[in-house]
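Here the structure comes first, spelled out in structure tokens, and everything after it is commentary.
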Amino acid sequence: MSILGQFTGLPGMGDAVVSSENTFLWGPNTWYLTKGIVLSSAAVDAGSSPTTDLRPGLVLGKVTSSGEYVNYSATATDGSQVAEGVLFGSVRMVSNLSGSVSDMLGVMVVAGPVKGGSLNGIDQLSRGQMFGRFIFDDDLAGNRFGWRDVVAKTADYVVTAADRDTLFTTQGAAGTVNFTLPTIAKGLKYRFFSEAAGAMTVTAAAADTLVVFNNAIGNAIAFSTANEIIGGAIEVIANANATKWLVFVSLGAETQTPTITA
């Protein structure tokens, strides 16, 4: 079914909005929440033909710089690697007026019961990101990934509050990688995993704010001793009143010894 005009009640010709039955929802039709969104002209549906025809149930992510939505991609680096919701109805991204791919209005389901097998573009990572807001009909314990994303860094990086619940690795790094933590705030949690032979350091933005084993005023912690680096992991969580980082260290081997800078 096609409806001419992006907005009901406005006179004149407009782009066609194509709708089709939503088969990815289950339960009473009052159990889900939606919001209006702008779909970026870059949005595609890899399983559709043409790919510019977005199907209901397409998993969406938000591009941080523009606030517009595109298809979720686990390998993206623009923000759309985080699953924000699911497209409610089909949308054709090619304008009937210009014949070109354009930004379009759409409706996104942001919470509710969904059929996991009927979602388009979903993977295990996006299931974990959506878990809690969405109830999957095929829910298994494995849906709870625990981390919002896994991100590799090969150079020094200043961690932000927006990176919360991210597991950082040093995959591909040729030398030392230093992660500088953001200002402490309740609810922030990060993990850092040394995946390369170069040293990995986690440094607090404010002095004396790392609480590590037998040290309540640490400034930095590192895996830097040769042959005692790969496999080491550091997890930091803001404490109860956001004054310290609680540091948990995991060793890849019994011989590993992290270095703490006070």
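The values are calculated or read from the model by the stated rules, or taken from the named source; none is laboratory data. Remember, it's a predicted structure, so these values are computed and weren't measured experimentally. Heads up, the Cβs are rebuilt from the backbone with ideal geometry, glycines too, and the neighbour counts pull from every protein chain shown.
If you go through the stretch 80-117 and keep only what is under 16 Å from residue 129 (Cβ atoms), in a strand (DSSP E or B) and either touching a residue at least 60 places away in the same chain (Cβ under 8 Å) or of a type in the set (Phe, Trp, Tyr) (or both), you end up with 86, 108, 109, 110, 111, 112, 114.
Any residue at all in the stretch 176-184 that's among the hydrophobic types (A, V, I, L, M, F, W, C), outside any loop (DSSP other than H, G, I, E, B) and in contact (Cβ under 8 Å) with a residue 12 or more places away in the chain? Scanning the stretch 176-184 turns up at least one residue that is among the hydrophobic types (A, V, I, L, M, F, W, C), outside any loop (DSSP other than H, G, I, E, B) and in contact (Cβ under 8 Å) with a residue 12 or more places away in the chain. Evaluate the following for residue 123: is it under 17 Å from residue 148 (Cα atoms), surrounded by fewer than 21 Cβ atoms within 10 Å (Cβ to Cβ), out of contact with any Gly (no Cβ under 8 Å at 6 or more places or on another chain) and among the acidic types (Asp, Glu)? Taking the combined requirement at face value, the residue satisfies it. Looking at 121, 172, just one residue is assigned by TED's automatic domain parsing to the domain that holds residue 58 and either touching an Asp or Glu at 6+ places or on another chain (Cβ under 6 Å) or farther than 24 Å from residue 247 by Cβ (or both), and that residue is 121. Residues that are out of contact with any Phe, Trp or Tyr (no Cβ under 9 Å at 6 or more places or on another chain), farther than 25 Å from residue 78 by Cα and of a type outside the set (Ser, Thr, Tyr) do not occur anywhere in the stretch 151-170. Give the residues of the stretch 61-79 that are outside any loop (DSSP other than H, G, I, E, B) and out of contact with any Asp or Glu (no Cβ under 6 Å at 6 or more places or on another chain), sorted by residue number. Residues satisfying the conditions are 69, 70, 71.
Scanning the stretch 178-210 for residues being crowded, with 17+ Cβ neighbours inside 10 Å, of a type in the set (A, V, I, L, M) and under 18 Å from residue 250 (Cα atoms) gives a total of 5. Screening residue 238 with (1) among the small types (Gly, Ala, Ser); (2) crowded, with 17+ Cβ neighbours inside 10 Å; (3) more than 19 Å from residue 160 (Cα to Cα); (4) under 25 Å from the mean Cα position of the chain (by Cα) gives one miss only, at (3). The strands (runs of 3 or more DSSP E) falling completely within the stretch 185-228 that include 2 or more residues that are in contact with a Leu (Cβ under 9 Å, 6 or more places away or on another chain) and of a type in the set (A, V, I, L, M, F, W, C) map to 189-193, 210-212, 215-218, 220-223. Filter the stretch 9-33 down to the residues that are part of a strand (DSSP E or B), surrounded by 16 or more Cβ atoms within 10 Å (Cβ to Cβ) and at pLDDT 85 or above and list them by number. Selection gives 25 alone. Within the span defined as the stretch 190-201, one or more residues are closer than 17 Å to residue 158 by Cα and in contact with a helix residue (DSSP H, G or I) (Cβ under 8 Å, 6 or more places away or on another chain).
Yes/no matrix, rows are residues, columns are (1) crowded, with 18+ Cβ neighbours inside 10 Å; (2) not small (Gly, Ala, Ser):
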{"position": "59", "(1), (2)": "yes, yes"}
{"position": "70", "(1), (2)": "yes, yes"}
{"position": "77", "(1), (2)": "no, yes"}
{"position": "82", "(1), (2)": "yes, yes"}
{"position": "90", "(1), (2)": "yes, no"}
{"position": "93", "(1), (2)": "yes, yes"}
{"position": "113", "(1), (2)": "no, yes"}
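Conditions tested, residue by residue: (1) surrounded by fewer than 16 Cβ atoms within 10 Å (Cβ to Cβ); (2) at pLDDT below 85.
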| position | (1), (2) |
| --- | --- |
| 136 | no, no |
| 142 | yes, yes |
| 146 | yes, yes |
| 161 | yes, no |
| 167 | no, no |
| 170 | no, no |
